[in-house]
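Here the structure is laid out as structure tokens; the discussion comes afterwards.
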Amino acid sequence: MKLIKTTIILLLILMGAPILFIIGCFLFVEVTDIVPVQFYPPEMLQMTGILAPNQELTNTKLLAKGQLVGPEDIAITTGGVVYIANEDGWIKRIQTDGTVQNFANTQGRPLGLKFSPDSNLIVADGALGLLSISPDGSVTSLVQSDENNSFGLVDDLIVDSGGNIYFSDATIPELRNDYYHDILIHRPFGRLLRFDPSSGDLKVLLDRLFFTNGVALSPDEDFVLVAETSQYQITRF
């Protein structure tokens, strides 16, 4: 069946019939039951005060030029060693002298990185869920789904002093590889969750969020912040 569809599309292209080609594409595109909703973004804030443009990044130093592939997040040790999540699955390590090393490959898409109190590197992997990587580079899966569904896109995380992991699940599995479709659909598929590695307890703290990205913990650990990208807002739990 796939061969027949491919052959028809190729014939339409070769015949130079762009309109028919477009119609043919629509016939073969899989249509989901997800219905987009209208969204009118709020009026943009004035770029003044803490939002005023500045030149703080003008004198930054570029690290690992040409040696990283789609870097996403970083985690830094107390000694100044930088760990970086890459699109090709590798977590790279930059020593204080600038040397770039391969640390571990998750075989997925590592996104958020944070160190746990026991010095393991906890990884929010968009394809594989929560992972833990020991100092020697051994990768262990912590949790890949809740009691009902697989995670859609585990995006970012923070670890508190007790080892609890707060993390964002940005969207549903059907949109994992098409995050821009989530933005266009504008439905609240995102969630904020907490995982306790010592007990294995997993809890959904907030749901119905709009493409949840970054997660931050207050200095006193009395609240968690999560960014809702397509809603232009930060939500506090």
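Each value in this text was obtained by applying a stated rule to the coordinates, not by laboratory testing. What you are looking at is a predicted structure, and each value in this text was computed from that prediction instead of being measured. All Cβ positions, even for glycine, are placed from backbone atoms using ideal geometry, and neighbour counts span all protein chains on display.
When only Cα pairs below 8 angstrom with a gap of at least 6 residues are kept, the chain shows a relative contact order of 10 percent.
Mind sorting Leu130, Leu142, Leu57, Leu184 by how few other Cβ atoms lie within 10 Å of their own Cβ, fewest first? Can you show the working numbers first?
Values: Leu130 23, Leu142 19, Leu57 6, Leu184 12.
Neighbour counts put them in this order, fewest first: Leu57, Leu184, Leu142, Leu130.
Look at the alpha carbon pairs under 8 Å that are at least 6 residues apart: their mean separation over the length of region 49-159 gives a relative contact order of 17 percent.
Dipole of region 79-237, Cα-centred, from +1 at each Lys and Arg C-beta and -1 at each Asp and Glu C-beta, to the nearest 20 debye?
Numbers: 11 positive and 22 negative charges, 43 e Å.
Here the size comes out at about 200 debye.
To the nearest ten degrees, helix 2-14 and the longest principal axis of the Cα atoms of the chain are 70 degrees apart.
Set the Förster radius R0 to 22 Å, insert the Cβ-Cβ distance between Glu56 and Ile234 as r into 1/(1 + (r/R0)^6), and round the FRET efficiency to 0.05. Efficiency for this residue pair is about 0.60. Where Rh is the Kirkwood radius over the Cα pairs of the chain, the temperature 20 °C and the viscosity 1.002 mPa s, what D in µm²/s does Stokes-Einstein return? Estimated via Stokes-Einstein, D reaches 105 µm²/s.
Residues of region 128-156 with amide nitrogen under 13 Å from the 7 Å Cα-to-Cβ point of Val81? Only 134-138 pass the distance filter.
Work through the residues other than Gly152 whose Cβ is under 14 Å from its Cβ and net out their charges, Lys, Arg +1 and Asp, Glu -1. List each step's numbers first, then the result.
Numbers: positive: Arg109, Arg176, Arg187, Arg191, Arg208; negative: Asp125, Asp146, Asp155, Asp156, Asp169, Glu174, Asp178, Asp182, Asp207.
For residues surrounding Gly152, the net value is -4.
Roughly how many whole Å is it from the C-alpha centroid of region 135-157 to that of region 64-88? Each part reduced to its Cα centre gives a spacing of 20 Å. Result for the chain in a Gaussian network model with C-alpha springs under 10 Å: among Ser218, Ser141, Ser150, the largest mean-square fluctuation is at Ser218.
Comparing Thr60, Thr106, Thr212 in a Gaussian network model of the chain where C-alpha atoms under 10 Å apart are linked, the largest mean-square fluctuation is found at Thr60. The order of Tyr180, Tyr83, going from fewest to most other C-beta atoms within 10 Å of their C-beta, is Tyr180, Tyr83. With a simple spin-label model that places each label point 7 Å from the Cα along the Cα-to-Cβ direction, the separation between Tyr40 and Ser199 comes to 4.6 nm. Net charge dipole, region 158-237: roughly 220 debye, given to the nearest 20, about the Cα centre with Cβ charges of +1 for Lys and Arg and -1 for Asp and Glu. If I fit a long axis through the Cα atoms of helix 18-28 and take the longest principal axis of the Cα atoms of the chain, what angle between them do I get, 0 to 90°, rounded to 10? So the helix axis and the longest Cα principal axis differ by about 60 degrees. Gain on full extension, evaluated as 0.36 nm per residue between Gln95 and Gln107 minus their Cα-Cα distance, stands at 2.0 nm.
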